[in-house]
Amino acid sequence: MTNKHTPGPWRSDVQGSDGDQVFSANGMIVADCKWTAEVFDKRVANAALIASAPDLLAERDRLLQVNAELVAALETIANSTCDHGPGFCARDSARAALAKAKGE
């Protein structure tokens, strides 16, 4: 997957009475959160969320990789043989977990 976004880190910066503007590290404006006095809390929260977008994307990518590794490990177990007798083999529970994750 190719990410087509302005690389982080981003920061939230209040610019006068016009509202929060979110800048990337190179000073480019990536979002402009205008505000009124009635929505001040939402403006601050929105700016913080937008500023965290690159970090959230990186964490999502890391978790996708961890998930792929866990699925691969479960598939290895699910395809193994059980020579230890009933109650000692993780193969059946691995197969059940994979089936549930795949909606089968």
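How do the pairs read when you match residues in the stretch 4-16 that are open to solvent by 60 Å² or more (accessible area, probe 1.4 Å) with residues anywhere that are assigned to a loop (DSSP other than H, G, I, E, B) and at pLDDT below 75, using Cβ under 6 Å and keeping only pairs 6 or more apart or on different chains?
PRO9/ALA25
Search the stretch 1-24 for residues being at pLDDT 70 or above and among the small types (Gly, Ala, Ser), and hand back the single one that is nearest to LEU57 (Cα to Cα).
Filtering the stretch 1-24 for residues that are at pLDDT 70 or above and among the small types (Gly, Ala, Ser), the one nearest to LEU57 (Cα to Cα) comes out as GLY8.
Can you tell me which residues in the stretch 53-80 are of a type in the set (Val, Ile, Thr) and touching a residue at least 12 places away in the same chain (Cβ under 8 Å)? So that I can check it myself, show each step before the final result.
If we filter the stretch 53-80 for residues that are of a type in the set (Val, Ile, Thr), which is where we start, we get 66, 71, 76-77.
VAL71, ILE77, listed by residue number.
For the subset of the stretch 39-59 comprising residues that are open to solvent by 90 Å² or more (accessible area, probe 1.4 Å) and modelled with pLDDT of 85 or more, which member is nearest to ALA99 (Cα to Cα)?
Here the answer is LEU56.
Condition test on GLU104, is it on the phi < 0 side of the Ramachandran plot and at pLDDT 85 or above? Even if it seems obvious, please write down each step before you answer.
Details: on the phi < 0 side of the Ramachandran plot: yes; at pLDDT 85 or above: no.
No: the conditions fail for GLU104.
Of all residues being aliphatic (A, V, I, L, M) and touching a helix residue (DSSP H, G or I) at 6+ places or on another chain (Cβ under 8 Å) in the stretch 60-75, which is surrounded by the most Cβ atoms within 10 Å (Cβ to Cβ)? Just the residue, please. Even if it seems obvious, please write down each step before you answer.
First, the residues of the stretch 60-75 that are aliphatic (A, V, I, L, M): 63-64, 66, 68, 70-74.
Next, only the ones that are touching a helix residue (DSSP H, G or I) at 6+ places or on another chain (Cβ under 8 Å) stay: 71, 74.
On the way: VAL71: 14, LEU74: 18.
Going through the qualifying residues, I end up with LEU74.
The values are calculated or read from the model by the stated rules, or taken from the named source; none is laboratory data. Computed from a predicted structure; not experimentally measured. Cβ coordinates were reconstructed from backbone atoms using ideal geometry, including for glycine residues, and neighbour counts include every protein chain displayed. Quick note on the areas: whole protein, heavy atoms, side chains included, nothing else; ligands and nucleic acids left out. Shrake-Rupley method; radii C 1.70, N 1.55, O 1.52, S 1.80 Å.
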